[in-house]
Amino acid sequence: MSARSLFLALLVLALTAQTASADGYREADVRSALKAAGFADIAGKVAAAARPAVTIDLAQRSREPIVRGRSRLGGRPDLPKGTAWPLCKGKPQTFLAQFRLRELPKAARELRRLGGTLLFFTHVEFEPGEREYGLWAGDCTTVLHARAGAKLTRTAVPSETLRLRPSKPRFSAQPDVPDLAFDGDSLKAPLRSVEIADWEGWLDFRYALLGKPRLEHVLLGYSYEPNGGNACSARAERGRDTWRHLFTVGPDEDLGFSVADAGRVQILIAPADLRAGRFDRVCGVFDSA
């Protein structure tokens, strides 16, 4: 471990010890961490833009919980009764995860207040006859909201989709700050005017701030700048009506999400839709190494 990495690890341990609050972080603590990491000149602006993110660690299990609607990645989804399996160009999408919103940490109040269960799907494209390794993902993305009290039906996974192993999530609330923009000279929206001279230091700081840099699955917080953008990722760069990060599922052999070269799918949502609890306009960004 480099001296910088060791310093950042110790810094974040200290920050985490101080921030066991209902929001998952306190702005003053993020500001202090930025100053200690060498970003004192931008600490005020960045700390004011910090958001809680929910990182997701997985405990593998062989089957889904008996109770319907409980949080998990993979397995068979608990669809609202009468809801058809989401399709993309006539083909079934891959079921990624479902989260009972009241099971999330208090920091995720934007989602917790809605109640019920959110279910996430995306299209994964295969070569003919292949079903264990996808070539591409994210062209179609669907999020369903089963409201509290809705009748749920545990639904078999279509054989022609990527089948993820049922996995129990462990949630942790951490602070998050914007990623570097693609040019590497400034931050992503809403801080495009904030320039970054030490981009390696910024990446180290952001990964350390999230607590577990190898953790691939995240709710809320900020999206990552993709290697190749699309119309969806462009919405996260707008100066106004900047689209928010909703959920990322990343490469995970134990889970069975294996698409292209260590690919991940980021799901974005319009801020007005997130406030209103509407999920019918989400979009996906696929990113591979």
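Can you compute the FRET efficiency between residue 262 and residue 28 using 1/(1 + (r/R0)^6), with r the Cβ-Cβ distance and R0 = 45 Å? Round to the nearest 0.05.
After rounding to 0.05, the efficiency reads 0.80.
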| field | Per-residue ³J(HN,Hα) for the range 88-97, Karplus 6.51 cos²θ - 1.76 cosθ + 1.60, θ = phi - 60°, Hz, x for Gly and Pro | value | 9, 6, x, 10, x, 7, 7, 7, 9, 6
| message | Apply the Karplus curve 6.51 cos²θ - 1.76 cosθ + 1.60, θ = phi - 60°, to the phi angles in the range 179-191 and return the couplings in whole Hz, x for Gly and Pro. | response | 6, 5, 5, 4, 6, x, 9, 8, 8, 6, 4, x, 10
| task | Restricting attention to the chain, give the cysteines that have no other cysteine Cβ less than 4.7 angstrom from their Cβ. | result | none
| Using θ = phi - 60° and Karplus 6.51 cos²θ - 1.76 cosθ + 1.60, couplings along the range 135-146 (whole Hz; Gly, Pro as x) | 8, 7, 8, x, 4, 10, 9, 10, 10, 10, 10, 8
| task | Evaluate the distance, in nm, between pseudo-label points positioned 7 Å from the Cα of residue 198 and of residue 130 along their respective Cα→Cβ axes. | result | 4.2 nm
| task | Provide 188, 81, 91 in ascending order of the number of other Cβ atoms located within 10 Å of each residue's Cβ, fewest first. | result | 81, 91, 188
| note | Close lysine pairs (the chain; alpha-carbon distance under 28 Å; 8 or more apart or on separate chains) counted at 21
| note | Under the helix-only model (-39500 (n - 2.57) for each DSSP H run of 4 or more, divided by the residues of the chain), the mean residue ellipticity at 222 nm, to 500 deg cm²/dmol, is -5500 deg cm²/dmol
| So who's got an amide H within less than 5 Å of the one on residue 75, skipping anything under 5 residues away but keeping other chains? H placed 1.01 Å off N, in plane. | 164, 165
| request: For each of 259, 124, count neighbouring Cβ atoms within 10 Å of the residue's Cβ, then give the residues from fewest to most. | output: 259, 124
| request: Round to the nearest 10 and give me the degree value, 0 to 90, for the angle of helix 3-18's Cα axis relative to the longest principal axis of the chain. | output: 80 degrees
| note | Subtracting the Cα-Cα distance of residue 112 and residue 62 from 0.36 nm times their residue separation yields 15.3 nm
| residue 134 long-range amide H proximity, modeled H, under 5 Å | 258, 259, 260
| Toward the positive end of the charge dipole of the range 62-162, about the Cα centre and with charges on Cβ (Lys, Arg +1; Asp, Glu -1), which of 136, 108, 87 goes farthest? | 108
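All of the numbers you see were taken from the coordinates with simple rules; none came from a lab. Quick caveat, the model's predicted, so the values are computed rather than measured. Using ideal geometry, Cβ is built from the backbone for each residue, glycine included, and neighbour counts are taken over all protein chains shown.
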